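One structure is given below, encoded as structure tokens.
The values are calculated or read from the model by the stated rules, or taken from the named source; none is laboratory data. In this text the structure is predicted, and so the values were computed from the model without any measurement. Cβ coordinates were reconstructed from backbone atoms using ideal geometry, including for glycine residues, and neighbour counts include every protein chain displayed. Calculation scope for accessible area: heavy atoms of the full protein, side chains included, ligands and nucleic acids excluded. Shrake-Rupley method; radii C 1.70, N 1.55, O 1.52, S 1.80 Å.
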Amino acid sequence: MKVGLFIPCYIDQFYPQVGVATLELLEKLNVEVCYPQQQTCCGQPMANSGFECFSKDSYSHFVRNFKSFDAIVTPSGSCAYHVRHHFDIIGQSEEVSHVRNNTYELCDFITNVLGDPEVGASFPHKVGIHQSCHGLRGLRLGKSSETVGEPFSFIHSQLTKVKEIELVALGRGDECCGFGGTFAIAEEAVSVKMGKDRVNDHIAQGVEVVTGGDMSCLMHMEGIIKRNKLAIRVVHVAEILNSQN
Amino acid sequence: MTHSKAAAEFNKDEKRVDWHDKAVWFMRSNRDKGVAKISQWEDLREAASQIKLDVLSKLDIYLEEFEKNALANGVQVHWAEDAEEHNQIVHSILQRHSVKTLVKSKSMLTEECHMNPYLEQRGIEVIDTDLGERIIQLAGEGPSHITAPAIHKKKEEIDELFQQTMGTTPSNGDPQYLTNAARVHLRDKFLNADAGLTGVNFAIAESGGVVVCTNEGNADMGVHLTPVHIACMGVEKIIPKLEHLGVFLRLLARSASGQSITSYSSHFFKPRPDQEMHVVIVDNGRSRHLGRPDFRNSLKCIRCSACLNTCPVYRRSGGHSYGSVIPGPIGSILSPNVDLKKYSGLPFASTLCGSCSDVCPVKIDIHQQLYKWRQVVMKEHPDRIKQSTMRMASGVLSNARVFDKLGWLARFLLKYLPGWMVYNKWNTWGRQRDFPNLPQSNFRHWYIKNRKKNEQ
Amino acid sequence: MSSKTSILNRIRENKPSFDGTIDLSSFLVDEREDTLERFCSSLAANSGKYVLASDEHNLNEVLLEEVAGKSYVDIAGVLEVYQEGNVLDADAKNYKDTKVVIFKAQVGVAENGAVWVDDQIIQGLRILPFIVEHTIVILKQTSIVPTMHHAYQKIGNTETGFGTFLAGPSKTGDIEQNLVIGAHGALSHLVVLV
């Protein structure tokens with residue numbers, strides 16, 4: 001299986017270590033992975049702002065770059081969700097369908113496509129999981145707290161296998177962090193309040209490290225943590241799964 | 001005022017925001033406890049959704065069936081195109097009966113039609129009898145929530161209000177005392193009212209009856225003591241059969257607050273022998289909304305308020321910041337149909353987290369509709385600055401070289417510009433958040449340096 | 001053109017199609033044995049009360065204790081001792097000082113502690129369950145069904161002019177979420193199970 005690695009724009013620019021960790025992790029799991037260098041963005045920023053019309057070029061560009069891979073893996077639930085659900089406004093050629101149906105968030109890919117192998121990671125810290133909304137309720141990467149059914153969570157199941165990790169339950173297990181893309185700017189007051197409340201929930205439970213599958217959420221929470229000089233940090237799940245003793 | 005500005009105002013008092021958030025979250029968490037007791041909960045939601053989809057597909061047929069059966073039961077049926085006609089119809093019924101005082105139970109439809117001021121201007125005293133509605137009526141405000149209209153008010157504020165309007169003695173916000181005072185005050189109104197008006201939770205096509213659910217008993221106290229009952233409903237409140245109520249009455253109260261059912265679920269089929277009963281069926285833009293394929297499913301709504309209770313934005317901005325009769329997620333997808341320009345900001349008052357869609361008992365795809373309304377808003381009433389920014393972004397984000405160069409530039413500037421240039425009042429992100437630490441290079445260059453050579 | 005015609009025309013033009021089927025039969029499957037327990041705990045959760053009466057004599061005792069010193073209307077006609085002047089008055093307002101109403105219900109619902117009360121049960125005096133301070137319902141244990149689906153099956157295509165599912169005393173949470181029993185309707189609700 002040939003896997004194309006999609007690195008979200010903000011990870012490429014601000015958090016390359018997450019991209020590195022994702023790549024190294026996949027290589028460790030014996031995946032034949034390649035990073036198409038002409039890739040750019042999944043088109044979310046324009047589309048979520050109401051300008052879907054301007055994101056069509058990004059969509060076509062994405063498909064061009066990834067059509068020849070069996071699967072596309074990305075350390076971002078929101079990007080994977082956007083590709084799967086919102087690439088419906090360009091012509092649905094075989095290539096487009098193929099790309100849409102085979103784009104995976106990282107933990108989803110490891111659990112369900114790779115057969116849930118051991119990743120051999122070790123991370124001796126108290127960790128709180130931030131369940132990013134697009135992944136959770138968009139891609140159903142876990143059961144949301146609102147629905148009735150058997151609980152499950154791909155990110156949680158990957159992290160329980162990490163040695164020496166202590167996973168901590170939160171007061172509100174899957175409330176939104178308030179990033180929401182341009183919402184973070186357009187509704188700054190509520191966005192920050194939501195982020196503060198999420199961070200405080202983790203702090204109240206004694207969490208040292210907040211992790212999640214979406215760096216955008218973590219970036220927003222980190223901005224608040226740094227501004228308020230709080231004794232807690234954020235680490236993307238790819239970095240935890242790629243960590244060693 | 002836009003939601004964004006109003007919400008920013010609301011957030012100036014952080015303690016109050018925390019209090020409001022906790023109060024509304026309390027309803028959400030009670031809902032969770034209540035629904036967990038029904039193992040078939042997700043099947044019930046699916047059944048409710050299917051019933052409502054069937055209703056939308058045969059709305060005209062069910063409405064005519066309802067009217068036929070209601071008429072046969074001695075109920076008078078009226079049709080109102082819009083809010084103005086609704087108000088005229090209600091007024092003319094009241095006028096015929098020389099009504100001076102009308103007691104009214106909760107009806108978001110009558111809020112939508114601005115019925116109270118219409119009647120008051122014509123010399124009719126309108127008494128809202130739901131305690132929450134009465135509180136805001138006395139305070140001269142509109143409801144901030146669909147099922148808990150006064151959820152934004154603290155008990156001490158209600159105490160002050162009752163002292164001023166009902167002459168109660170100061171009680172430090174004692175809920176028992178205040179409720180009892182309202183009971184006595186409103187009992188007098190019930191016993192002396194000339195007519196009773198209710199909303200409609202569900203109208204049943206096959207029997208021509210209407211169902212009204214309350215915990216307080218105020219709808220029944222109003223209607224059973226007066227010679228005239230007027231029930232007002234939006235066209236979409238129809239359900240086909242009595243047995244379908246089994247589904248909806250199991251979903252409604254649990255979704256709202258986790259209760260298994262409200263204290264009273266009253267089914268009105270025929271008027272008392274000494275009473276006239278009227279049903280006013282209202283369109284007011286609903287039939288137009290039915291014609292929008294992307295948005296018509298919002299007409300499935302049963303006004304349970306679950307989406308408000310779960311919405312992290314609603315809880316931290318309060319119902320009044322939406323500026324619409326119905327606030328929160330459902331309000332944000334219904335209001336643009338009423339006035340796209342006025343409510344153009346509402347679809348953006350959301351992070352699209354999807355929690356609303358997951359709690360909706362009739363499975364309205366609320367967060368998908370919010371996304372789609374954004375596209376409509378930007379097409380019809382584009383924000384010019386946003387539009388040109390996004391057009392530019394589109395160019396950048398579909399061209400690897402340009403993206404790479406601009407990304408480098410952004411990181412360079414953020415690193416080397418003085419703090420006051422980066423963190424200033426135009427930098428909205430930076431008001432309360434720091435920017436991320438800046439890496440030496442981006443992933444692309446790392447890959448070229450460390451892996452690309454392996455690909456040759 | 002009348003408003004009715006114009007509204008219906010617009011609906012006909014705009015309505016979507018739907019070809020799904022609605023099948024509620026799976027909700028009628030309920031094999032649980034603890035119907036009575038569920039009814040009682042649901043009723044208690046609604047701030048209602050229940051008591052089991054062992055026989056007719058015990059039922060009388062229970063009711064007499066409940067109505068002691070209060071004006072009441074016994075529509076069920078159970079009490080051996082009738083209060084003088086307790087004739088059913090057609091004028092609803094004349095019950096404003098009545099403290100207690102007693103009636104018999106035919107259907108109780110386990111999942112929510114509700115009982116179905118209709119015009120026949122209260123003899124058309126619709127105000128009675130609401131205007132009094134205390135409602136007392138006599139219900140046979142064998143009349144309790146598991147869910148609302150079963151209840152509607154029993155009620156069937158009722159000919160009644162009015163009916164309500166009565167599930168507890170009147171209440172409100174409108175004063176800063178504090179639960180207060182006794183808003184505009186009854187202050188207490190008791191089901192006597194026979």
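Between C:Ile122, C:Ile136, the distinction of being assigned to a loop (DSSP other than H, G, I, E, B), β-branched (Val, Ile, Thr), in contact with a helix residue (DSSP H, G or I) (Cβ under 8 Å, 6 or more places away or on another chain) and within 18 Å of C:Val78 (Cα to Cα) belongs to C:Ile122 only. Of all the listed residues (B:Ala182, B:Ala195, B:Ala205), the sole one being open to solvent by less than 20 Å² (accessible area, probe 1.4 Å) and in contact with a Phe, Trp or Tyr (Cβ under 6 Å, 6 or more places away or on another chain) is B:Ala205. Within region B:109-124, being open to solvent by 20 Å² or more (accessible area, probe 1.4 Å) and either touching a helix residue (DSSP H, G or I) at 6+ places or on another chain (Cβ under 7 Å) or not in a loop (DSSP other than H, G, I, E, B) (or both) holds for B:Glu111, B:Glu112, B:His114, B:Asn116, B:Pro117, B:Tyr118, B:Glu120, B:Gln121, B:Arg122. In the set (1) at negative phi; (2) facing chain B (nearest Cβ under 7 Å); (3) crowded, with 22+ Cβ neighbours inside 10 Å, A:Phe6 fails one condition alone, (2).
Applying the condition of being open to solvent by 20 Å² or more (accessible area, probe 1.4 Å) and out of contact with any Lys or Arg (no Cβ under 8 Å at 6 or more places or on another chain) to region A:21-32 and asking which residue is farthest from A:Met1 (Cα to Cα) yields A:Glu24. All conditions in (1) under 25 Å from B:Ser287 (Cα atoms); (2) part of a helix (DSSP H, G or I); (3) in contact with a strand residue (DSSP E or B) (Cβ under 8 Å, 6 or more places away or on another chain) hold for B:Leu94, with the sole exception of (1). Residue pairs whose Cβ atoms lie under 7 Å apart, sitting 6 or more positions apart in sequence or on different chains, and linking a residue in region C:23-37 that is closer than 16 Å to C:Gly113 by Cα to a partner that is in a helix (DSSP H, G or I) and open to solvent by 50 Å² or more (accessible area, probe 1.4 Å), are C:Leu36/C:Gln141. Taking (1) open to solvent by 10 Å² or more (accessible area, probe 1.4 Å); (2) in contact with a Ser or Thr (Cβ under 8 Å, 6 or more places away or on another chain) in turn, B:Gly34 satisfies each apart from (1).
Name the helices (runs of 4 or more DSSP H) wholly inside region A:161-245 in which the number of residues that are more than 20 Å from the chain's Cα centre (by Cα), surrounded by fewer than 21 Cβ atoms within 10 Å (Cβ to Cβ) and of a type in the set (A, V, I, L, M, F, W, C) is 2 or more.
It comes to A:183-186, A:188-204.
Can you tell me which residue in region B:162-179 is farthest from B:Ser255 (Cα to Cα), limited to those that are more than 8 Å from chain C (Cβ to nearest Cβ), open to solvent by less than 40 Å² (accessible area, probe 1.4 Å) and part of a loop (DSSP other than H, G, I, E, B)? Here the answer is B:Thr168. Among the conditions (1) farther than 29 Å from B:His381 by Cβ; (2) within 14 Å of chain C (Cβ to nearest Cβ); (3) among the β-branched types (Val, Ile, Thr), the only one that B:Val282 does not satisfy is (1).
Taking the listed residues C:Asn58, C:Asn9, the one that is modelled with pLDDT under 95, open to solvent by less than 70 Å² (accessible area, probe 1.4 Å) and outside any loop (DSSP other than H, G, I, E, B) is C:Asn58, with no other qualifying.
Would you confirm whether or not region B:64-81 contains a residue that is more than 25 Å from B:Glu160 (Cβ to Cβ), under 24 Å from the mean Cα position of the chain (by Cα) and outside any strand (DSSP E or B)? The answer is yes, given that some residue of region B:64-81 is more than 25 Å from B:Glu160 (Cβ to Cβ), under 24 Å from the mean Cα position of the chain (by Cα) and outside any strand (DSSP E or B).
Mind listing just one residue for me: the one in region B:1-42 that is in a helix (DSSP H, G or I) and among the β-branched types (Val, Ile, Thr) and, of those, nearest to the chain's Cα centre (by Cα)?
B:Val24
For region B:350-428, the helices (runs of 4 or more DSSP H) that sit wholly inside it and include 1 or more residues that are open to solvent by 20 Å² or more (accessible area, probe 1.4 Å) are B:366-380, B:384-397, B:400-416, B:419-422. Just to be sure before I move on: is B:Ala80 of a type in the set (A, V, I, L, M) and free of Cβ contacts under 8 Å to residues at least 40 places away in the same chain in the structure I sent? It is false that B:Ala80 is of a type in the set (A, V, I, L, M) and free of Cβ contacts under 8 Å to residues at least 40 places away in the same chain.
Evaluating A:Ser68 against the criteria (1) over 30 Å from A:Phe152 (Cα atoms); (2) assigned to a helix (DSSP H, G or I) leaves one unmet condition, (2).
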